[in-house]
1. Cβ-Cβ under 6 Å, sequence separation 6+ or interchain: first residue in segment 440-453 and without any contact (Cβ under 8 Å) to a residue 40 or more places away in the chain, partner within 8 Å of the ligand (Cβ to nearest atom) and part of a helix (DSSP H, G or I). Which pairs?
2. Do you know which of the residues in segment 415-437 that are within 20 Å of residue 492 (Cα to Cα) and in contact with a Ser or Thr (Cβ under 7 Å, 6 or more places away or on another chain) is nearest to the ligand (Cβ to nearest atom)?
3. Filter segment 494-514 down to the residues that are over 29 Å from the mean Cα position of the chain (by Cα) and open to solvent by less than 60 Å² (accessible area, probe 1.4 Å) and list them by number.
4. When the residues of segment 442-487 are filtered to those that are farther than 24 Å from residue 518 by Cβ and among the aliphatic types (A, V, I, L, M), which remaining residue is farthest from the chain's Cα centre (by Cα)?
5. Against the definition (modelled with pLDDT under 95 and either part of a strand (DSSP E or B) or open to solvent by 10 Å² or more (accessible area, probe 1.4 Å) (or both)), how does residue 395 come out, yes or no?
6. Return the only residue of 509, 552 being more than 11 Å from the ligand (Cβ to nearest atom), out of contact with any Pro (no Cβ under 6 Å at 6 or more places or on another chain), under 22 Å from residue 297 (Cα atoms) and of a type in the set (A, V, I, L, M, F, W, C).
7. From the residues in segment 325-358 that are open to solvent by 40 Å² or more (accessible area, probe 1.4 Å) and small (Gly, Ala, Ser), which one is nearest to the chain's Cα centre (by Cα)?
8. Can you name the condition, by its number, that residue 521 falls short on among (1) β-branched (Val, Ile, Thr); (2) farther than 16 Å from residue 412 by Cα; (3) open to solvent by 40 Å² or more (accessible area, probe 1.4 Å)?
Amino acid sequence: MRLIMPLLIARVRSPTVREGAEGAPSLTVGLLTRSSLYLTIFTEEMNLHTPHTASLICVPITETRAAAFLSAISEAEQVADALELRLDYLINDDELTRVLRTLSATRVTKPLIFTYRPREQGGKRELDLCDRLEFWRNLSPAIMANLAYADLELDLVEGLIDSPPPVPWDKVICSYHNFDETPAEVSEFYDRIARTPAAVIKIATQATRLTDCLRLFELLERTTSSKPVIALAMGLPGLPTRVLALSRGAWLTFGALRRGAESASGQPTAAELRDIYRVKRLSRTCDVFGVIGDRVGQSRSPAMHNTALAARGRDAVYLPFVVARTDLSEFVRDFVRPGTRRMDWRLRGLSVTIPHKISIMSHLDFIDSVAERIGAVNTVAVEGNELRGYNTDVIGAMRPLDELMDVRGARVAVLGAGGAARAVCYGLNQRGAHATIYARNLAAAERLADEFGTQASPLERFGGHTDIVINCTPVGMRGHSEGASPVKPEQLQGVGLVYDLVYNPIETALLNDARNAGCHTLGGLAMLVTQAAEQFRIWTGEEAPTERMWEAVSEAGVSNQ
Ligand code: NAP
């Protein structure tokens, strides 16, 4: 039973920052006027503990209108350990006042961090130093006594060191943001913040390359200082800092309420952090796996592999690593090879995708015979000090087919002459099938045909007596040519099975035409899951939970990767 009476604080103690919903403090925030804000906190159970032991997923509230802002707070309470109220996102003073007024009559069950950031530091409002000071100074002592934390930018804090702070220092997160880069001297900003009386150090910088993460991880290693630290790299290359933050002693990590509600680029959702990456369960010594490529942002491999790792109860995580073509050598040196890596972690394996499947080979100590024959590696295992390369695309493409039929002696039309066609031709050759490669680039088809002792033909000549058609072109793929098919529907008459390696969308025009022509069909999701399951087996020695992986990739929706 709670009674809300502005100015009358029934029972006030410092708010705590704690994990989970059970026993969390309940906050009641009261506002009289914009310049006279009173926060009253009523708590039933306040198990205070030091910020150092916190390990929080904090959801920023980024709506621009009061009604949406308040409803986002209610929603975020369900998934967050703490909420950052980005008050600078509110579009004008009226909206700001409405939010604060309504909060005065609302129970908020999670600790609140207030932020009011100027545009030049990544905020949404044009605010000069006076505006910012006025905002904080106008908050009443009652509010200050009960606010969980206030995020004050470094310039503001440094200007306040010799004067009475508008917020008690033990409730100040002092932050430095850089939205352009992670400067080489980022540790100097850390030191400057550490010298202030603020309670928490926050550094958030833009990662333009994966290497930038190293500097942020180094800051987390310095948490021997008496202050808790938040150190995050923004942008997709910075994702490892967000996912591994808590396991490496960071005080909190930010997760958006939903896609589109991020407060910074590269910010995953809170649900992804908790349910896919399991950030609160990872230990400092967890195994790390990941996919390297230059466009891994949309990859569904993290959904598949993290589901598999969780299902097998492993202290392990799988991450997307953005590695440009020109950065591969540096990545292998600094992040992968046990003898040279600067990153202190247990990296155990990598999926390799465009554009590194061939170039990775020169960095490996061992390449298995299938990968050698195919001339491409899509899987790296770190074993002892060795990097070992494998190709699971052959097994990925062929096992689903093997489960349907014996292809020995079958007449197979392979459409396309790229990397996937290569893996398929190898698998068909091994099984004694008669393949013909149909490609728009006849020279490429002929080269492949020579290598595997098969026939080559222009794509437009496809037709005639064929038992199986395997589409190894991207035709029909979302973002490429969705709705198109590499062959005409009438060309599928009499074909026994049509296998489309394209998996996004799951239902392609080719598969639809094939069913209408009375053919059996097989979609590309089977290959996607099978090649990933084989990677899982290589890395862990355990059979993969393929059904769970299948569910994960289907639920998550599929991408262009
Ligand atoms: P790739 O190496 O780029 O080869 C693509 C092949 O398709 C090339 O022969 C290319 O011919 C041909 N092609 C491209 N656009 C075409 C068009 N409009 N009409 C006719 N032919 C065209 O790519 P890949 O790695 O082999 O992958 C091919 C597709 O297979 C991917 O797009 C993906 O959808 C699918 N795939 C699925 C999985 C899975 O797990 N299910 C795995 C790998 C690949 P040119 O040389 O003339 O460009």
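1. 440/459
2. The residue in question is 416.
3. Those that are over 29 Å from the mean Cα position of the chain (by Cα) and open to solvent by less than 60 Å² (accessible area, probe 1.4 Å): 495, 496, 497, 498, 499, 509, 510, 511, 513, 514.
4. Among residues in segment 442-487 that are farther than 24 Å from residue 518 by Cβ and among the aliphatic types (A, V, I, L, M), the one farthest from the chain's Cα centre (by Cα) is 456.
5. So residue 395 fails the test.
6. 552
7. 329
8. The number of the failed condition is (2).
The values are calculated or read from the model by the stated rules, or taken from the named source; none is laboratory data. All figures in this text were calculated on a predicted structure; none of them were measured in a lab. Note that we place each Cβ from the backbone using ideal geometry, even for glycine, and neighbour counts take in every protein chain shown. To get the accessible areas, we keep the full protein, side chains included, count just its heavy atoms, and leave off ligands, DNA and RNA. Shrake-Rupley method; radii C 1.70, N 1.55, O 1.52, S 1.80 Å.
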